[in-house]
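The structure appears right after this line, and notes come after that.
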Amino acid sequence: METIDCIKTRRSIRKYKDKVVPEGIINEIIECGQRAPSAHNTQPWAFVIVREKEKLEKLSKTHQWAPFVKDAQLCIVLCCTKTESVNKSAMHMSVACAAQNMLLAIHNFGLGSCWTYIHNLEDTSVEQKVRDILEIPKNVDVICMLPIGYPNQVRSEKEIKNRREVVHDGKW
Ligand SMILES: Cc1cc2nc3c(=O)[nH]c(=O)nc-3n(C[C@H](O)[C@H](O)[C@H](O)COP(=O)(O)O)c2cc1C
């Protein structure tokens, strides 16, 4: 798929077919995450691939906006390993860059996904639940999860804000 088309047509997909995702594609999705920009090229990410139905079910129950995670073929949980850094927000933003690369790669392969939140500064309880399920160490932040599967829904083109609302030319 052409890059600009891929960016313009990606949507969040929350319904998945019961069809296996080839390992080669999963590897490519991870590599696309690893190719993202990161602050000082620290590459502060780590990825937990979850395939077991029982664990997918548990992840889907960690908060109210995650029920569809149980229906995915797999879920990649994105973590941030450089949390001792004074520049923790830059580390988190770097992991977000990896997530977006992966969302685009997923769409490129005809698959669907949806950023599903985990990290929340005001409430760390969801993050702790995910740490417990996946045995993630305390010093690693858990940012988000990307459930992946072949789409079982068709989404129309997204309405975006009017250019005049979001673009300031030369000054605010
Ligand atoms: C930081 C962030 C957190 C999100 N958390 C969730 C979530 O927990 N559950 C969910 O269903 N969608 C979540 N989303 C997906 C958004 O709802 C979705 O991106 C938005 O509605 C725009 O739709 P689109 O992705 O199809 O363009 C999240 C997206 C972002 C960027």
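The values are calculated or read from the model by the stated rules, or taken from the named source; none is laboratory data. Quick caveat: nothing in here was measured; it's all calculated off a predicted structure. Positions of Cβ are backbone-derived with ideal geometry, glycine not excepted, and every protein chain shown enters the neighbour counts. To get the accessible areas, we keep the full protein, side chains included, count just its heavy atoms, and leave off ligands, DNA and RNA. Shrake-Rupley method; radii C 1.70, N 1.55, O 1.52, S 1.80 Å.
Would you confirm, using the coordinates I've provided, whether Lys19 is under 18 Å from Gln153 (Cα atoms), part of a helix (DSSP H, G or I) and open to solvent by 60 Å² or more (accessible area, probe 1.4 Å)? Step through it out loud before you land on a result.
Numbers: under 18 Å from Gln153 (Cα atoms): yes; part of a helix (DSSP H, G or I): no; open to solvent by 60 Å² or more (accessible area, probe 1.4 Å): yes.
No.
Can you tell me which of Gln34, Gln73, Gln64, Gln43 is at pLDDT 95 or above and on the phi > 0 side of the Ramachandran plot?
Checking each option against the conditions leaves just Gln43.
Could we say that Arg10 is under 14 Å from the mean Cα position of the chain (by Cα), within 16 Å of the ligand (Cβ to nearest atom) and open to solvent by 90 Å² or more (accessible area, probe 1.4 Å) here? No, not satisfied. With the requirement that a residue be more than 12 Å from the ligand (Cβ to nearest atom), assigned to a loop (DSSP other than H, G, I, E, B) and touching a strand residue (DSSP E or B) at 6+ places or on another chain (Cβ under 6 Å), what does the range 96-135 give you? Residue satisfying the conditions is Leu111 alone.
Do we have Lys70 as touching an Asp or Glu at 6+ places or on another chain (Cβ under 8 Å) and either within 17 Å of Lys15 (Cα to Cα) or not in a strand (DSSP E or B) (or both) here? Break it down into steps so the answer makes sense when it comes.
On the way: touching an Asp or Glu at 6+ places or on another chain (Cβ under 8 Å): yes; either within 17 Å of Lys15 (Cα to Cα) or not in a strand (DSSP E or B) (or both): yes.
So Lys70 fits the description; yes.
Only one of Leu74, Leu59 is within 16 Å of the ligand (Cβ to nearest atom) and either touching a residue at least 60 places away in the same chain (Cβ under 8 Å) or aliphatic (A, V, I, L, M) (or both); which? I'd like the intermediate steps shown before the answer.
Details: Leu74 fails: within 16 Å of the ligand (Cβ to nearest atom).
The conditions single out Leu59.
Filtered by the rule that a residue be part of a loop (DSSP other than H, G, I, E, B) and open to solvent by less than 40 Å² (accessible area, probe 1.4 Å), the range 26-41 gives Ala36, Ser38.
For the range 110-142, the tally of residues that are open to solvent by 60 Å² or more (accessible area, probe 1.4 Å) and either over 17 Å from the mean Cα position of the chain (by Cα) or polar (S, T, N, Q) (or both) stands at 11. Under the condition of being more than 15 Å from Arg14 (Cα to Cα), of a type in the set (A, V, I, L, M, F, W, C) and assigned to a loop (DSSP other than H, G, I, E, B), the residues counted in the range 44-65 number 0.
Going through the range 75-95 one residue at a time, which ones are over 15 Å from Tyr117 (Cα atoms) and buried (at least 18 other Cβ atoms within 10 Å of the Cβ)? First the steps, then the outcome.
First pass over the range 75-95, keeping only residues over 15 Å from Tyr117 (Cα atoms): 81-91, 94.
Answer for the range 75-95, where residues must be over 15 Å from Tyr117 (Cα atoms) and buried (at least 18 other Cβ atoms within 10 Å of the Cβ): Lys82, Met91, Ser94.
Beta carbons closer than 6 Å, at least 6 apart along the sequence or on distinct chains, pair a first residue in the range 139-157 that is within 10 Å of the ligand (Cβ to nearest atom) with a second that is aromatic (Phe, Trp, Tyr) for Cys144/Trp115; Cys144/Tyr117.
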